[in-house]
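Asker: Encoded as structure tokens, here's the structure I'll be asking about.
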Amino acid sequence: MSNSEWKSVGNGHLEGPFPLPDLDPSKLTVTLSETLKPLPAPETLVFGGMMTDHMLVASFDPVSGWSAPEIKPYGPFTLDPASSCFQYATNTFEGMKAYVGPDGAPRLFRPAKNMARLARSAERLALPPFNTDALLELIKKLVVVDQRYIPNMEGYSLYIRPTIIGTRSALGVSASDHALLYVILSPTGPYFRTGPKPISLLAAAENVRAWPGGTGSHKVAGNYAPGFLPQRIAAKQGYDQILWLLQDADRWKVTEAGAMNVFIVVNREDGDLDLITPPLDGTILPGVTRDSILSLAKAHTAGKLTLSGISTNQRLHPHERAFTIADMSLWLSEGKLREMFAVGTAAVVAPVGRVGFQEDLKKPARDLVLPAYEGGLGPVSRAVRQMIIDIQEGRVEWEGWCVRCE
Ligand SMILES: *Cc1c(COP(=O)(O)O)cnc(C)c1O
């Protein structure tokens, strides 16, 4: 392909004959590290605190497309200081985990969902498209290379961080036509070392994470940095995380907690339970854990599986429906609000014990106190958490959710 087949579309961009070479696993080169790090003692692992020995890297430019992917020793990049990612946050990432099954083989949990979400995030930032099946195949190969880092113990896994950054080295405020795709791995232990402990959330009027028409439903880096200051302010007031709100007339809709989706469990008149999470209206990140919990609750009620600790005739009705702080306050006072929990790949399920609501920022937060349960988790959060972990670690087979890395 000669450059003459390309035409300039302004701002340094070229538009040329497509398709450009895509990400191609058959072109993978593997260079193993000569010095492997000593394995950390499992009990010393801090989430995201250390990386493994290798990483996967591929780059994109608008003339040659995706480069041959490489697995190579983990190490720093050299990037132009004018790169788009440093100036305009053309950065997107994913979070997924590899688990080991009873046979010692590494497995991924519903990984196609992460690949599809990364492709959507990249598109939202006008970063180049890539073949999602090819990336998944490459990630499986990387996990196998560093699989010695996954302790064969319940609750341990390898956190996988696929990342795409814009590397166009020019300051013009426009899309990055150059990109770097890389995947790094970090061994991780249980989120709660001493068993699930209810977390506290601060729901303050100023804490808005995402809004209609914004980027809240994409895992783009620009969504996260603005949350760090509110998080620090909440920590100073004694709360673990932020409960992100969105104002709707004079009411405050609950959206997400920290970087996790949220669920509440509400008693119904007929003795059944409603399991409610906010709808995917563009302000909510479509979490894989969220989707899995909705499916498992539905399957339990349909009699297709039994969630441990929940009787087969206890019906759970999953709903994707907005609810407000006022709803929570009312249902609590009526004794109907049974559980609240936050969900995501890192923690799987984290019970919520207390929500501080601060509508008037000059006054201290008023606490909504959720029912307390022995061992931290209520019956529904305990059951869905255990089922997801059993599927992830290969003890229970469910709808092909657990995918082996061969
Ligand atoms: C990643 C993320 C989640 C959880 O998604 P999972 O796919 O379940 O890990 C929820 N909310 C936000 C804002 C996130 O970034």
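Asker: What is the chain's relative contact order, in percent, from Cα pairs under 8 angstrom and six or more apart in sequence?
Answerer: Numbers: 854 pairs, mean separation 69.7, N = 406.
Result for the chain is 17 percent.
Asker: Before anything else, pin down the relative contact order of the range 286-406: Cα pairs under 8 Å, at least 6 apart, normalised by residue count, whole percent.
Answerer: 23
Asker: What's the center-to-center distance, using Cα atoms, between the range 303-320 and the range 373-406 in Å?
Answerer: Here the answer is 14 Å between Cα centres.
Asker: How long is the gain from Tyr191 to Ser333 if the chain were fully straight, where each residue apart is worth 0.36 nm and the alpha carbon distance is subtracted?
Answerer: Gain on extension, Tyr191 to Ser333, equals 48.0 nm.
Asker: In Å², and per residue, what accessible area does the chain have when probed at 1.4 Å with the other protein chains present?
Answerer: Details: 18180 Å² over 406 residues.
Per residue, the chain has an accessible area of 45 Å².
Asker: Right, another one. Please turn the phi angles of the range 62-71 into ³J(HN,Hα) values with the Karplus equation 6.51 cos²θ - 1.76 cosθ + 1.60 (θ = phi - 60°), one per residue in order, whole Hz, x for glycine and proline.
Answerer: Listing the rounded values in order: x, 9, 9, x, 6, 6, 5, x, 10, 9 Hz.
Asker: Between Thr163, Thr312, Thr255, where does the largest GNM mean-square fluctuation fall for the chain, given springs only between Cα atoms within less than 10 Å?
Answerer: Among Thr163, Thr312, Thr255, the largest mean-square fluctuation in the Gaussian network model of the chain belongs to Thr312.
Asker: Can you give me the distance in nm between label points at Arg120 and Lys298, each placed 7 Å from the Cα along the Cα-to-Cβ direction?
Answerer: With each label placed 7 Å out from Cα toward Cβ, I get 1.5 nm.
Asker: A follow-up question, please. Which length gain, in nm to one decimal place, applies between Asn267 and Ser308 when the Cα-Cα distance is subtracted from 0.36 nm times their residue separation?
Answerer: On the way: separation 41, 0.36 × 41 = 14.76 nm, distance 1.91 nm.
12.8 nm is the gain from fully extending Asn267 to Ser308.
Asker: To continue, here is another question. What lysines sit close enough to Lys219 to cross-link, taking a C-alpha to C-alpha distance under 23 Å and skipping anything fewer than 8 places away on the same chain?
Answerer: Lys97, Lys113, Lys140, Lys253
Asker: So if R0 is 30 Å, what FRET efficiency would Arg395 and Glu43 give, r being the distance between their Cβ atoms, rounded to the nearest 0.05? Numbers along the way, then the final one.
Answerer: Numbers: r = 23 Å, r/R0 = 0.75.
Step by step, r from the Cβ atoms, then E = 0.85.
Asker: What FRET efficiency would be calculated for the residue pair Thr31, Glu320, taking the C-beta separation as r and a Förster radius of 60 Å, to the nearest 0.05?
Answerer: Values: r = 46 Å, r/R0 = 0.76.
Rounded to the nearest 0.05, the efficiency is 0.85.
Asker: Sticking with this one: Could you sort the peptides 220-226, 38-44, 329-335 by per-residue average Cβ neighbour count (10 Å cutoff), highest mean leading?
Answerer: Numbers: 220-226: 15.0, 38-44: 10.6, 329-335: 13.1.
Those peptides, ordered most packed to least, come out 220-226, 329-335, 38-44.
Asker: Taking a 1.4 Å probe, which of Asp250, Asp80 shows the most accessible area, and what order do the others take after it? Please list the in-between numbers first.
Answerer: On the way: Asp250 120, Asp80 70 Å².
Reading off the accessible areas and sorting them downward yields Asp250, Asp80.
Asker: In whole Å, how far is the Cα centre of the range 220-261 from that of the range 63-126?
Answerer: Cα centroid of the range 220-261 versus Cα centroid of the range 63-126: 25 Å apart.
Asker: What percentage of the solvent-accessible surface of the chain, computed with a 1.4 Å probe over protein heavy atoms, is contributed by carbon and sulfur atoms? Walk me through the intermediate numbers first.
Answerer: Working: 9770 of 18180 Å².
Percent of accessible area from carbon and sulfur atoms in the chain: 54.
Asker: Run the 1.4 Å probe and let me know the accessible area of Lys253, rounded to the nearest 10 Å².
Answerer: Lys253 exposes around 50 Å² with every protein chain in place.
The values are calculated or read from the model by the stated rules, or taken from the named source; none is laboratory data. This one's a predicted model, so the numbers in the text were calculated from it and none came from an experiment. Heads up, the Cβs are rebuilt from the backbone with ideal geometry, glycines too, and the neighbour counts pull from every protein chain shown. In case anyone asks, the SASA skips ligands and DNA or RNA and just uses the protein heavy atoms, side chains included. Shrake-Rupley method; radii C 1.70, N 1.55, O 1.52, S 1.80 Å.
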